[in-house]
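First comes the structure, then the notes that go with it.
The values are calculated or read from the model by the stated rules, or taken from the named source; none is laboratory data. Predicted model, so just to flag it, every value in this text is computed and none were measured. Cβ: placed from backbone, ideal geometry, glycine included. Neighbour counts: every protein chain shown.
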Amino acid sequence: MTSQPAAVRVAGGQGFWGDWLEAPYRQVTGGPVDYLMMDYLAEVTMSILQKQKSRDASRGYATDFVTQMERILPTVVQRGIKVTANAGGVNPRACALAVAEVARRLGLEGKLTIGVVSGDDLLGRLDGLLARGHAFKNLDTGRPLQDVRDKVLSANAYLGAAPVVAALQQGAQIVITGRVTDTGLTLAPLMHAFGWAADAWDRIAAGTVAGHIIECGAQASGGNCLSDWKTIPDLASVGYPIVEARADGTFDLVKHPHTGGRIDVAGVTEQLVYEMGDPREYITPDGVADFTTIELAQVGKDRVRVSGVRGKPATDKLKVSIAYFYGYKAIGTLVYAWPDALDKAKAADRILRQRLRDLRLEFEAIHTEFVGANATHGPLALKDLDAAGIPEVQLRIGVRSPDKERVDRFTREIAPLILNGPPSVTGFAGGRPKPEEIVAYWPALIDKPMVKPMVEVIEV
Amino acid sequence: MKKRLVDIAHARSGDKGDTANIGLIANHPKYYPLLVKQVTAARVARHFRGMIKGPVERFELPNLRALNFLLHGALDGGGTISLKTDAQGKVFSTALLRMEIEMRGGR
C-alpha cells in the first residue's frame, strides 16, 4: 500500500435479487462512495441458476445485475467507483463477459477491468469428495448427504473476502463472484483499501459486522424497522446504508443527504440481531466476530458510530450450501366474509380435510391458516380476537408430498367449495393453484483446503 | 403493574433453516434488566407453546440492551419446505411482543 485513505465508503446497493431497482443508481449518484456492494444470492437461488446453466451454458447468473450495470457503468467508470457483487451465481465468468459486452457497447473499451471469482462450485466434484470421505453431514439433522445424493441440484462452498481482495489487488474495478458471503463483499474492500492483514482478527470482525449491517439494504436505514416506525421519514425515497470506515476498524453508518429513511441506534440494533445465532460466534470464512463487543453511538443525524468490535481466528472449515429436490407443495386460498367469517372459514377447512380423507389422500403435511386471524401469531392472536366482528378471513390451506399426483388432486378440491361449501365466499380469481417443486436446503461443512478459490481478470 | 413487551421493547426476527430467531431490544436501558429477569428461555417456550416443536435458547447482548432467542422447530421445516405464510419467521418477533411483564418489583 502506498497511501491509506482516511475513510472508505462502501455503499449497500442491493439486499437480495429482486431488491429495489433504483437503489444502485441512487447510491452511485447521490453522493461520494468508493465501493458499491451488491448481494444477490439466497440459498435456493443457486439451484435455480444451476438449472438455467444446465439448459444453456452461457447462463446461470443474476441477469438483473447486467441491466443494473448498464445503467450505472458510465457513472462508476467516471467516478472510479469499484463494485463487488455475488451476481455471478454458478457462472460468474459468463456474467463478467455479459458485463464486458455491455461496457463495450457503452464505449468503455479499454477503460474497465473486471475480476471474476470462482471455485465455490462443488457440484461437479461432489462424488469425488464423498468418495474421499467428506460426508457433508447436514448441520441441522446430522444426516449424511448420501441420503439425498441423487436429488442434489447445486452445491457451493461459501468463499470469504480473500479472493475478492486478490481481484481488487489485480486492478479489477468490478468484481463478480459466485457464492461469496454477503459480508465478504463489504469486508474485502476494507481489507484492500486499508491493507488489513487476513489475521488482524478485530479488523476482520469489524468489517464483517459492517457487512452484516448493510447486506440487507435499507433494512439498516429505516426499512422494515419496528422502532418508532410511524415517524421514519419518506420511505418512498429511502436512502440505502453506507459504511464509512476508518483504518482502525471503527466505522459510521450513514446515507446520502436528501434521502428518506433513518439511521439510528435502534434501527441498526434491529439489523444487528437479524438472523442472529450465538452472538459471541458469528462465523464467516474470514473470522469469528463477537457481537457482544459491538458499541453503538448516535454521533449525528442519520449517523451511527460502530466501535469496539472484537474478533477471533477463523475456523478450518467452510460452510457448504447444497440444494436438493425435496417434493411438491401447493397452497390454495379462499376468502370468507362477515358475518361469522372465521367460523365459515373453519367449517370449509373441516369439510376440505374430510374430503381429502374420503379420497384416501394422505400428505406429509397439511397446514391451515386463517389469514386475518391466526396466520402470523397463531393461538396467541386468537386469544385476543373479537371473532364475530372480523370483516373477512382468508382460508389458506397447503399440502406437501413427494407425490405430485396427490398434490395435484388436492388443488382440484379448493374451487368446488365455492358452490358446495359454507356461504359468503369469494376471492378465487387467481384460479387453481399449481403444484410447485420444493427445492430444499442442506447446510454442511467442508475442510478449507478442499476448496481453491480462483481469480481471473478480464480487460474490457 | 403489568405492561406488554410492545410498550417497552422492539424486535426483529429472521430464520436459519427450521429455526426462527428473535432479537428483543429494550427501548430504554432501564428496561433491559426487566427483560433479562423475566423474559427467560423457559417463559418464551411457554409463550409459543403449540407454535414451535423444539427448544428455545437465549443469548444476552447487554451492549445492545438486547436478548437473542433461537426458537427451534418453529417454521414447519423452514424456507422452501414450509407451508406457513411466515415461512422465514419474519414476524415471530411481533408475536413475542404480546407477552406481558411485571413492571414493579420485577427487577
Original post:
Looking at the stretch B:35-90, which of its residues are part of a strand (DSSP E or B) and more than 10 Å from chain A (Cβ to nearest Cβ)?
Top reply: B:Val56, B:Arg58, B:Leu71
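Suppose we keep only residues that are within 17 Å of B:Leu97 (Cβ to Cβ) and either acidic (Asp, Glu) or away from every other protein chain (no Cβ under 11 Å) (or both) within the stretch B:20-34. Which one would you say is surrounded by the most Cβ atoms within 10 Å (Cβ to Cβ)?
First, the residues of the stretch B:20-34 that are within 17 Å of B:Leu97 (Cβ to Cβ): B:20-28, B:31-32, B:34.
Those still in the list that are either acidic (Asp, Glu) or away from every other protein chain (no Cβ under 11 Å) (or both) too: B:31-32, B:34.
Values: B:Tyr31: 20, B:Tyr32: 22, B:Leu34: 19.
This residue is B:Tyr32.
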Subject >> Candidates A:Ser118, A:Ser154 - the one that is surrounded by 21 or more Cβ atoms within 10 Å (Cβ to Cβ) and modelled with pLDDT under 95 >> reply: A:Ser154
Subject >> Residue list for the stretch A:111-156, restricted to those being assigned by TED's automatic domain parsing to the domain that holds A:Pro285 and more than 27 Å from the chain's Cα centre (by Cα) >> reply: A:Lys111, A:Leu112
Original post:
Of the residues in the stretch A:308-364, how many are among the aromatic types (Phe, Trp, Tyr), surrounded by fewer than 22 Cβ atoms within 10 Å (Cβ to Cβ) and away from chain B (no Cβ under 14 Å)?
Top reply: 1
Original post:
Residues A:Gly249, A:Gly223, A:Gly277: which one is assigned to a loop (DSSP other than H, G, I, E, B) and over 21 Å from the mean Cα position of the chain (by Cα)?
Top reply: A:Gly249
Original post:
Can you name every residue in the stretch B:9-18 that is more than 8 Å from chain A (Cβ to nearest Cβ) and over 13 Å from B:Ala66 (Cα atoms)?
Top reply: none
**OP:** Scan the stretch A:86-118 for residues that are among the β-branched types (Val, Ile, Thr) and more than 27 Å from A:Thr183 (Cβ to Cβ) and jot them down.
**Re:** A:Val102
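Regarding A:Ala429, is this residue within 14 Å of another protein chain (Cβ to nearest Cβ) and either modelled with pLDDT under 95 or under 19 Å from A:Gly124 (Cα atoms) (or both)? Outline the logic, then answer.
Details: within 14 Å of another protein chain (Cβ to nearest Cβ): no; either modelled with pLDDT under 95 or under 19 Å from A:Gly124 (Cα atoms) (or both): yes.
So A:Ala429 does not fit the description; no.
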Original post:
A:Ala323 versus (1) at pLDDT 95 or above; (2) in contact with a helix residue (DSSP H, G or I) (Cβ under 6 Å, 6 or more places away or on another chain); (3) of a type outside the set (Asp, Glu): which is the lone unmet condition?
Top reply: (1)
Original post:
Quick check: is even one residue across the stretch B:94-101 touching a residue at least 12 places away in the same chain (Cβ under 8 Å), over 29 Å from A:Asp140 (Cβ atoms) and part of a helix (DSSP H, G or I)?
Top reply: no
Original post:
Going through the stretch B:86-103 one residue at a time, which ones are surrounded by fewer than 22 Cβ atoms within 10 Å (Cβ to Cβ) and in contact with an Asp or Glu (Cβ under 6 Å, 6 or more places away or on another chain)?
Top reply: B:Gln88
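Going by the structure shown, is A:Ala210 crowded, with 21+ Cβ neighbours inside 10 Å, under 23 Å from B:Lys90 (Cα atoms) and within 14 Å of another protein chain (Cβ to nearest Cβ)? Explain how you work it out, then say what you get.
Values: crowded, with 21+ Cβ neighbours inside 10 Å: yes; under 23 Å from B:Lys90 (Cα atoms): yes; within 14 Å of another protein chain (Cβ to nearest Cβ): no.
So A:Ala210 fails the test.
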Original post:
When you scan the stretch A:291-350 for strands (runs of 3 or more DSSP E) that lie fully inside it, which ones turn up with 3 or more residues that are within 30 Å of B:Arg65 (Cβ to Cβ) and in contact (Cβ under 8 Å) with a residue 40 or more places away in the chain?
Top reply: A:303-307, A:310-312
